[in-house]
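Data block below; observations after.
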Amino acid sequence: MRDSIKVILFCFLLVIPFLTLACSQIKDYPTDLEQLSEDERLVIRFSHVVGEDTPKGMAARKFAELIKERSNGRIEIQVFSNGTLYKDVEELDALLRGDIQLIAPAISKLTDLVPELSVYDLPYAFNSLEEVHEFTESEAGNRLKDLLKMHNLIALSLWDSGFKQISNDIRPIEHYQDLKGIRMRIMQSDILAQQYYIVDAFPRKIDFNTVFQSLKKGDIEGQENTLTNITSKNFYSLQKYLTISNHGYLGYFLLFNLDFWESLSDEDRELITETLHEVQEWQWQLAEDLNDRRLQEIEECQCIQIYYLSEEEKKEWEEHFTPVYHYYTQHYGDYYIQNLPKYKYVK
């Protein structure tokens, strides 16, 4: 009996060195995200204020999934949608403080920091989304993005929401004169305010996530937004009239805190940049498709009266809004306006 115990102990002692050697050969980074320590993971908190079923919400999820997959779980994009982490008016300050690392605000919301960006808000500044993309990647567009770096921000991508439409609860908007006297919700942009002053409406700068309640209480009577945002927040259920005007562009810059971005390794920056470029192409098509689908759904529900501006009427509106362009030129010069594609190719 004693001899058997000795044999077992001797065999166990022989096995221990082999177990130690095998354990020492485990890879530095396990592929399971849950096994990584805080020091081994790169966590990027991404806050945005729209719904998950919007083009921005869906692109945010796709970006997070691709980064997780391509980094084998080492990089985690934590997405907080619908303003659950920071509200519309809070997220930019949180990014600048470094409390979060990534946001995707509407360009209009950046005009307090870089007023020249309000060229994107000019009525009928762009005839198509392709013109928006062209301008953003042009010398003028890159100069605008460089101005953000002065505020410790870097724009790495542009995501579309689409062109804005007008809804209200007072009367059909078939002519710009029909906007007179209506309290309209707008984003934080002086150019957007000027747009409605021109037609004797009353613009109100209101946080996106409180628009529904403001409409419900009667604090405002109308609003402008893309169809995906109008439907995701159910604005149209509180409105009687919708005008398909395509009068202004709404898009988002993907903004990183510049200090955080520069702290990343070259490999991580390359991975994120390449992935964002891929997601951007996918998101542009998604935004176009979803806006078309949402319009069809609103048409079929017959729950709101719709008016479609003709091309001739759009030209009339554009001409009436010329003083807004003069306002921009007086305050910020004409360089960015002159480089809009619609003027660039005029012979």
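Coordinate-derived values only; no laboratory data. In this text the structure is predicted, and so the values were computed from the model without any measurement. Neighbour counts run over all protein chains shown; Cβ positions are idealised from the backbone, glycine included.
For the chain, modelled as a GNM whose springs connect Cα atoms under 10 angstrom apart, the maximal fluctuation among His331, His48, His133 occurs at His331.
For the range 33-344, relative contact order (Cα pairs under 8 Å, six or more residues apart, normalised by length) works out to 25 percent.
Strictly over 20 Å apart at the Cα level, which of Lys205/Lys344; Lys109/Lys344; Lys109/Lys149; Lys164/Lys342 would you flag in this model?
As for pairs spanning more than 20 Å Cα to Cα, those are Lys205/Lys344; Lys109/Lys344.
Entry note, the range 154-270: relative contact order of 45 percent, from Cα contacts under 8 Å with a spacing of 6+ residues. Near Ile154, the amide H atoms lying under 5 Å from its own belong to Phe256, Leu258; only residues 5 or more places off or on other chains count, and H is placed 1.01 Å from N. Give the percent of DSSP beta bridges with both residues in the chain that are antiparallel, rounded to the nearest 5. Taking every DSSP beta bridge within the chain, about 50 percent pair in antiparallel fashion. For a paramagnetic label modelled on Tyr307 (point 7 Å from Cα along Cα→Cβ), amide N atoms under 18 Å away belong, within the range 183-225, to 183-185, 196-202, 221-225.
Under the convention that each Lys and Arg Cβ holds +1 and each Asp and Glu Cβ holds -1, the size of the dipole of the chain around its Cα centre is about 780 debye.
The phi-based Karplus calculation (6.51 cos²θ - 1.76 cosθ + 1.60; θ = phi - 60°) puts the 3J(HN,Hα) values of the range 186-195 at 9, 7, 6, 7, 5, 5, 5, 5, 4, 4 Hz, whole numbers, x for Gly and Pro.
The candidate values were (i) 18.6; (ii) 28.7; (iii) 24.3; the one computed from these coordinates for mean projected area of the Cα convex hull in nm² carries the label (iii). Remark on Ile44: its backbone amide H falls under 5 Å from those of Glu76, Ile77, Gln78, a criterion applied only to residues 5 or more positions apart or on other chains, H modelled at 1.01 Å from N.
Residues whose amide H lies under 5 Å from that of Arg204, counting only those 5 or more places away or on a different chain, are Met184, Arg185, Ile186; hydrogens are built 1.01 Å from N in the peptide plane. In this rough spin-label picture, where each label sits 7 Å from Cα along the Cβ direction, the Lys149-Glu274 distance is 2.3 nm.
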